[in-house]
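Beneath this line is the structure, given in structure tokens, with notes to follow.
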Amino acid sequence: MNSKEKNKRFWLSLDDLKNSLSFAKAKENEFAEGMTDNFNPEDMPSHSRRKFLALAGASAAFAATACTNYRDKGEIIPYNKKPDDLTIGTASYYASTCTGCSNGCGILIKTREGRPIKIDGNPDHPVNKGKICAAGQANILNLYDPERLKEPHSGANGKFKFDNWKNIDNKINVALNNASANNKEIAIITHSVLSPTQKKLFDDFKIKYPTTKIYSYELFDDRTRQSAWKQCYGESEFPVINWGDANVILSLESDILGKEGNFVEQIRLFAAKRNVDDAKNFNRLYVAEGGMSLTGMNSDHRLRIKPDAQFEFVMCLLNEILNVRKAGTISFGPLAKSKIEQYLLNEFAQKEKLSMSVLNSLVNDLISNKGKSIIYAGDILAEKVHVAVNLLNEVFGNNTLYNKERSSVKHLDLSANEEIEQLIGSMYSGNVGVVIHFDTNPVYHFAPDYGYSTALNKVPVVVTMCEHENETSLKSHFALPVHHNFESWGDFQTRTGLYSLQQPVIAPLYNTRQKESVLLHWLSGSVENYSEDGYHQYLMKNWEQYIYPQLSVASDFRTFWFAALNDGVVNYKSVVQGIGLFNYNKIENLIYSYWQPAYQHGKSNFTSPVISVVTAESDASKKSEFSESLGLVLMLTGNYTIGDGRFANNGWLQELPHPVSKVTWDNYAAISLNTSKQLNVKIGDNVDINANGKKMTIPVMIQPGMADNLVSIELGYGRKSAGTVGSNVGFDGIQFLSKKNSSAKLLKDFTLSKGSGKYKFASTQEHHAINEPEVMDYHKKRHIVQEGTVAAFIKNPDFFRESKPKAEDISIMNRVQYKGTKWAMAIDLNKCVGCGICVTACNVENNVPVVGKDQVMVGREMHWIRIDRYYSDSPVEPETSNQPILCMHCDDAPCENVCPVVATNHSPDGLNQMVYNRCVGTRYCSNNCPYKVRRFNFYNFRNHFEDGYYHKDSLSLMHNPEVTVRSRGVMEKCTFCVQRIMEARQEAIKNGVPLKGTDVKTACQEACPADAITFGDAHEKDSQIDYIRNHKLGYHVLEELNIKPNVTYIARLRNKATEVKS
Amino acid sequence: MSVDYSQELSVIEGRPSFADITNVISKPLETKINRKYYIALSISVALLIWGAFCLGMTFLYGTGLWGNNNPVGWAFDIVNFVFWVGIGHAGTLISAILFLFRQKWRTGIARFSEGMTIFAVMTAGLFPLIHVGRPWLDAWLFPYPNQNSLWVNFTSPLLWDVFAVSTYFTVSFIFWYVGLIPDFASLRDRTVKKFKKVIYSIASLGWRHSNRHWHHYEMVYLILAGFATPLVLSVHTIVSFDFAVSILPGWHTTIFPPYFVAGAVFSGFAMVQNVLIIVRKVFNYEHIITLDTLERMNKIIIVTGSMVGYAYGMEFFIAWYSGNPIEVYTFVNRAFGDYAWAYWTMVSCNVLFPQLFWIKKIRRSIPIMFVLGVLVNVGMWFERFVIIVTSLSRDYLPSSWGFYTPTLWDTGILIGSFGFFFTWLLIFIKTMPVVSIAEVKAVITGAQPTHHGDEK
């Protein structure tokens, strides 16, 4: 080493080289200024270097040994290129539109790591405002249903084989061209068209293939309402009703809170007028119905009237008001008047055994609330009832409640029965070349006397687009799998002044195509270059060209489009078409023409005849047979859960208890107690029904509150090819429909007789109230459901507290003092209508398994929240109460002290928590729970149900990743959505702000369309939950046990008319 | 009939010699196994296998195979548990409490009933282990130090059960074994077979019948008797806490501890009486297990049966007296509800039929007492069924009421439990002396040393 090298100067920077002063100064300190401020050896961890090495070595060793037993659950694929808008572990929400029925509600889809896991209503959607029905919630299961059609199939006679899209497109293109060349009809059969772009697509299709005809149908439609509006106002579009402004509602055989119209919106508006802090403004709900509906359960006064007597009822009301009370402003010509005058309310009441005091109070209420009441007839009722109801509403000036800006929108008329018949006629005569089922199932839905299924055999090419194999696809030559709701693009307009958009939130799971894309592709004429994005482009173009210019938006189209997709809805000021003027003259003539000459003061075919039972002994051949002459009516209504049968393969919906009867996995023939006695049947006994040449054996359900001589069967059940879950569940009432009257689902021409054999229902509640009169009213005697009347509350707001039994707060143990946050819930029984949406929301949020009919039958349903239904008073005309019951998270929870392994214990913030991993499954906690809200995994239910149906791969994508999927042998129960609490807490900590009770919304609360559920921190002063816990109407269930439950109930006030004697 | 009350009647009839006693008691152990025994054993093992199959299927698929459901979380599983623990009560009562009270008639039946206790408690002990949802985690019910820092919940009556039953089993087992030591020594001395000799030698722990040995033995036996006595009362008391500590109407009752203990003794005696009737006949022990002894047992059955009957009545009275309508309904529902048949089976078998024992002829009639003993056990099984199932099926909220129907698997496991019990019992009677040789010798007439010589 030479000296030069030896003296080689190393320099750190130019400053150093220059030997500047500042550098010399800086060099004195090893660390830059401020660098060591936070350095203090005292504060450093006390581990010695040796210890550190030991720990490091040990952790390496542990890691190495622990990992040897790592259970490889398959490949984990990380994001190589992380999508921009995605953070792992954080949910993204996308606005879209639900296509589960023709309401087209806005939805918000929660996705995690790119997979949709939860559906809620879109809060920005003006109709459903953040709420969605049970089917909408459970639709997620349809997306991941392992039995979705995954590949296109072709074949015939029910025998199918895989085919590829290209082949099929080729064949169909040929068929379409042939058909249009030979002037053969191309029939597209769709449900109601709600989408302007879809409508345009059909129009384009018609241009390319001029022989195309579009048919649209619904199993449950409102055609009678439409035609009545056309009669009365000249237009068949009818306005939306401002339910929230109605003080008095009279619902006629219409389940406005359960299944008719946009019931999610109706529940919200109805419940908003049930605010106990504004008790003077409670609305009053009168229900006149034959079947026992959810709306009837929530009525203040209920009149049992058979659907065929509704017209007479409305006319009696009209006469009472116009001619007896002289309260109307209009008068009719002498001809109509002379007829109307013969409808006497008191005679009607006598005949139908109705309480005159209820009827009087109804009339008084309607008169004193002119312009603030609404009379609403059900879809099932005949056109003349709707006309009479429209007239009655006009008489009262209730048209003020018709929304002037929003009315129904019709893109395409539903096909009349005659049109369908014509189509089938031309199918038989060989004039139809191609039938395309546009995600419809007419083989199942059409009345059997159309002979649709056989007619299909005469059609050379039958194409069915469907998500699942169904009755129609089995009769087709091509079964084409289509995208699910959440994989599709679309737009919807269900009301004026409003568009909503649908966008895909997940790439197609299978080799499916969007049904509109399929048509679009056929339109293009070439089989090559199918573009998945085709319909998206088409949609955008349609908007850009036609819709966007109408909206007069300030921003450019692209900005507008992305904003619209973000919001999911586009509101615009609609050009009010206005409701036409009520055509009095026409209606006067109509009313006259409705007149039935046979009607004479209550002794006519309106009379309910007394059924005489021919007993088996007297005549074995007749065997207690009823017939039409005895006044029996068969009513075919909608169901509460599975829509028109399209949700049949959805276990969550099949297992959701019927809101009235609490029966799951079934439908039945509902009859009244009196009718059951005359027929000599008990719950579950089979009856034979013969109608329209079809015979069906169906079990009966004795439904308290049903009108006598009425049989009600819900449609949508009894599907033959719906998949493992949905096939052969319940009984198919559609076979009783006839092409002659398929929209009026009321039959008089049928026979009913006692059948042989018994059937077992899977009900989540025993039917004690009917079987054991001695236990009736126990829910009231035990102070489980506590109720009062509005009048009593207004008179003395403390009446409830004064009458309430006082619990003694004594304990021999030292009470745990809860400091800080303490979670609590409150449920307002005034608002809860018992729809069961919360149950489904909870199922989806918390990965609650489907257990199957056999397990519900033995009482092992797993729902964490349930709606208890109680009847009181007489089983013939009961008063009904609903009560959602979930874990009460008691302060002194009786479940906790009995668990031998401390698997259930209390968190410092007041949650009764379950440690699944620690649970050995003694079930003692469940035995000791007075509310019986704990649910035990008697099996690995996912594996148990139908040979592991719910263990299939696709379904594991559906689970909420924040919630443990419980296995066999552990207890589970409501957690107050602890995963959401934790998320909110993390968020609060991250943002450095205190956690507030309102930061957390439980799944049930979020889903409740009535906003009956409040959740929050009981210790937060002046919070809503704190207010309710100290409310004058607040109480706890089984308060006297002194276990300090944390779910407060607000006692239900019934808005009874004061003049009605109970 | 004139009875000489100045003389104590011998509990062993016919003045057998010491050698006769040893011979007759050792006989079953020294003769070849006969056909009858094989038939009995094969029936019992068949039941056991059936039960084991049902249990295996339960392990495979889950407790869902049983009829248990949401309101009725416990059913046959815990009914069987309480039933078998109850059966296990007679043994220690006879050997410990009656020993302390110097009841000489107990000597003929003590060994056998102790054996039954052991087997009954073994059977009972299975149920808490198998009734859980995840039986492979049963170890978590025991407080053992572990790295998960997990500990058991000492406020749970189920945990008390674990301690109560395991303590009872341990003490009963030791008591029984200590009593067996001199007999093992006798057998060791008699046997000529090498194999048996080794086993008996080991089992007899070097017993040489020395005066010192006897001295220690008597002392240990006395101490153990004193130790076991409170356990007789405590085990079923604690088992009753499983119910009494809960808040369920029909379970939450302060009368449960004495009521359960009385019921346990009641059923235990009935079971011992039943089995002994067969044993004394088959092995010709009629002079050792005399009719007088059986009659005395029947008297205890009347006493405990009446106590149980009193408890039944008192439960109804308290339900009414409490003024708690939910409690009242629970009891009305027991007597007249869905499970009324079970309730009335229980009342007639436990309260009404045993009253026939007031009649001396019936008390001394072997066939009748056998039938009554069977009925008592049927009744006691139903008592547990009534308490557990009817109370659970209808509790506070009418909405959650449910109905329990047992499945084939439930009954299979019940049958299997009898198979388990009787298999052990059959092995016991072929491998160990079912009557205490040493103790019986001490109570035969002339066994006690006297200064006056033999008076007769």
Hull surface over four for the Cα convex hull of segment A:827-877, reported in nm², is 5.2
Taking A:580-591, B:35-46 and ranking on average Cβ neighbours within 10 Å, highest first, one gets A:580-591, B:35-46
The distance between the Cα centres of segment B:411-427 and segment A:208-234, in whole Å, is 73
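Over all residues in A:914-923, what is the mean tally of Cβ atoms on other chains that come within 10 Å of each residue's Cβ?
Mean inter-chain Cβ contacts per residue within 10 Å come to 6.
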Amide H proximity to residue A:835 below 5 Å, modelled H, separation 5+ or other chain, gives none
Any aspartates and glutamates whose Cα falls less than 14 Å from that of residue A:161, other than same-chain ones fewer than 8 residues away, would be A:151, A:469
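Between residue A:998 and residue A:529, what length comes free when the chain is fully extended (0.36 nm per residue of separation minus the Cα-Cα distance, one decimal in nm)? Could you put the intermediate results ahead of the total?
Values: separation 469, 0.36 × 469 = 168.84 nm, distance 5.18 nm.
This chain segment gains 163.7 nm when fully extended.
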For residue A:129, counting only lysines whose alpha-carbon sits under 21 Å away and dropping same-chain residues fewer than eight positions off, the answer is A:110, A:118, A:259, A:273, A:404, A:573, A:831, A:1001
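Counting only C-alpha contacts under 8 Å and six or more residues apart, can you give the relative contact order of chain B as a whole percent?
Details: 593 pairs, mean separation 144.5, N = 456.
Computed value for chain B: 32 percent relative contact order.
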Plugging the Cβ-Cβ distance of residue B:418 and residue B:284 into 1/(1 + (r/R0)^6) at R0 = 30 Å yields, to the nearest 0.05, a FRET efficiency of 0.70
Of the convex hull drawn through the C-alpha atoms of segment B:33-133, the volume per residue in Å³ is 118
Long-range amide H partners of residue A:216, meaning residues 5 or more apart or on another chain whose placed amide H is closer than 5 Å, are A:190, A:415
Amide H contacts under 5 Å for residue A:476, restricted to residues at least 5 apart in sequence or on another chain and with H modeled in the peptide plane, are A:158
Zone reached by a paramagnetic label modelled 7 Å from residue B:198 Cα along Cα→Cβ, restricted to segment B:148-188 with backbone N below 17 Å, covers B:188
Over all directions, segment B:152-213 yields a Cα convex hull whose mean projected area in nm² is 6.2
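For segment A:242-402, what's the relative contact order in percent, using C-alpha pairs closer than 8 Å and at least 6 residues apart? All intermediate terms of the calculation are to be shown ahead of the outcome.
Values: 240 pairs, mean separation 47.8, N = 161.
Over segment A:242-402, the number comes to 30 percent.
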Summing -39500 (n - 2.57) over every DSSP H run of at least 4 residues in chain A and dividing by its residue count gives a helix-only mean residue ellipticity at 222 nm, to the nearest 500 deg cm²/dmol, of -7500 deg cm²/dmol
Placing each pseudo-label 7 Å from Cα in the direction of the beta carbon, residue A:554 and residue B:190 end up separated by a distance in nanometres of 11.2
Placing each pseudo-label 7 Å from Cα in the direction of the beta carbon, residue B:13 and residue B:340 end up separated by a distance in nanometres of 4.6
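Give the whole-number value, in cubic angstrom per residue, of the convex hull volume spanned by the C-alpha atoms of segment A:930-1000. Could the numbers behind the result be given before it?
On the way: hull volume 8.7 nm³, N = 71.
Expressed per residue, the convex hull around the Cα atoms of segment A:930-1000 is 123 Å³.
Work through the residues other than residue A:693 whose Cβ is under 11 Å from its Cβ and net out their charges, Lys, Arg +1 and Asp, Glu -1.
Working: positive: A:694, A:695; negative: A:449, A:749.
It works out to a net charge of 0.
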Averaging 1/r across every pair of distinct alpha carbons in segment A:678-837 and inverting yields a Kirkwood hydrodynamic radius, in angstrom, of 21.3
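For residue A:739, what charge total do you get from the other residues with a beta carbon under 10 Å from its beta carbon, if Lys and Arg give +1 and Asp and Glu give -1? List each step's numbers first, then the result.
Values: positive: A:740; negative: A:418, A:421, A:449.
After counting each charged neighbour, the total is -2.
Rounded to whole Å and ordered largest first, report the semi-axes of the equivalent ellipsoid of chain B derived from its Cα gyration tensor (root of 5λ).
On the way: eigenvalues 320, 138, 86 Å².
The equivalent ellipsoid of chain B has semi-axes of 40, 26, 21 Å.
Work out which helices of chain A, taken as complete DSSP H runs, extend at least 20 Å along their axis over the Cα atoms and score a mean Kyte-Doolittle of -1.0 or more, then list them. If you can, show how the numbers build up before the last one.
On the way: long enough: A:49-68 (29 Å, 0.73); A:165-181 (23 Å, -0.48).
Membrane-span-like by this rule: A:49-68, A:165-181.
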With the 8 Å Cα cutoff and a minimum separation of six or more residues, segment A:141-207 has a relative contact order in percent of 14
Expressed to two decimals, the protein assembly as shown has a Cα Rg over Rh, using the Kirkwood radius, of 1.06
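Could you work out, residue by residue across B:151-163, how many beta carbons of other chains sit within 10 Å of that residue's beta carbon, and then give the average as an integer? Please report the intermediate quantities before stating the final value.
Working: counts 2, 4, 10, 3, 7, 10, 5, 7, 5, 1, 1, 1, 0.
Other-chain Cβ atoms within 10 Å of each residue's Cβ, averaged: 4.
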Around residue A:275 (Cβ within 9 Å, Cβ-to-Cβ, excluding residue A:275; K/R +1, D/E -1) the net charge comes to 0
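Given the peptides B:48-57, B:268-277, arrange them by the average over their residues of other C-beta atoms within 10 Å, most packed first. Display every interim value, and only then the final one.
Values: B:48-57: 16.6, B:268-277: 25.2.
In descending order of packing, they fall as B:268-277, B:48-57.
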Only helices counted: for chain B, with every DSSP H run of 4 or more residues adding -39500 (n - 2.57) and the sum spread over all residues, [θ] at 222 nm is -21500 deg cm²/dmol
Here segment B:224-237 yields Karplus 3J(HN,Hα) values (6.51, -1.76, 1.60; θ = phi - 60°; whole Hz; Gly and Pro given as x) of 5, 4, x, 6, 7, 4, x, 5, 4, 7, 6, 4, 6, 4
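FYI, it's all coordinate maths here, none of it is from the lab. Since this is a predicted model, take the numbers as computed values, not measurements. Backbone-built Cβ (ideal geometry, glycine too); neighbour counts: all protein chains shown.
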